[in-house]
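In what follows, a single structure is set out as structure tokens and then discussed.
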Amino acid sequence: MRFLGMLFPLLLVLCLALWAYQENNLTKEASERSVELKGRIEHNGVVLKYLQDEWAFLNRPDRLKELVKIHYEKLNLSAVTHSKFRPASSIPLRTDSVARLDADSGLLLAAPRIALLEE
């Protein structure tokens, strides 16, 4: 009985030591991963800043005006005014498809009429 009284606390201490060792390793791995992610975030921030600067450079008003002058005839460019827009009601509705409810997924599907007739 004395032997079990000494063996149980010893096993308990060994189990707790193993658990603490595993937790320590997991914490170190998480810390290393955190450092790696912070580095990637910083790198992506630098890349984003570079791309924003490049976008601003390419979209300078004077550069865009020059491009419009060069490609005016080729692209048939004109100013955007309110007369260029039409109301949504003037857009014709599609007549080549029929909406149906899919029995399996419950999704509303648009299928050509021919495919519906073949079913």
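Every number in this text was worked out from the coordinates using simple rules, so none of it is lab data. In this text, all values refer to a predicted model and were calculated from it rather than measured experimentally. As a convention, Cβ positions derive from the backbone with ideal geometry for all residues, glycine included, and neighbour counts pool all protein chains shown.
Tell me which residues, restricted to the stretch 1-30, are among the basic types (Lys, Arg) and within 42 Å of the chain's Cα centre (by Cα).
Lys28
Looking across the stretch 32-65, just one residue is surrounded by fewer than 10 Cβ atoms within 10 Å (Cβ to Cβ) and not in a helix (DSSP H, G or I), and that is Asn59.
Checking Arg40, Arg63, Arg33, Arg2 one by one, the residue that is of a type in the set (Lys, Arg) and closer than 30 Å to Ala79 by Cβ is Arg63 and no other.
Within the stretch 66-79, which residues are in contact with a His (Cβ under 8 Å, 6 or more places away or on another chain) and surrounded by fewer than 10 Cβ atoms within 10 Å (Cβ to Cβ)? Working first, answer last.
Of the residues in the stretch 66-79, the ones in contact with a His (Cβ under 8 Å, 6 or more places away or on another chain) are 77.
Within the stretch 66-79, no residue meets the criteria.
Would you confirm, using the coordinates I've provided, whether Gly5 is assigned to a helix (DSSP H, G or I), out of contact with any Phe, Trp or Tyr (no Cβ under 8 Å at 6 or more places or on another chain) and surrounded by 10 or more Cβ atoms within 10 Å (Cβ to Cβ)? So Gly5 does not fit the description; no.
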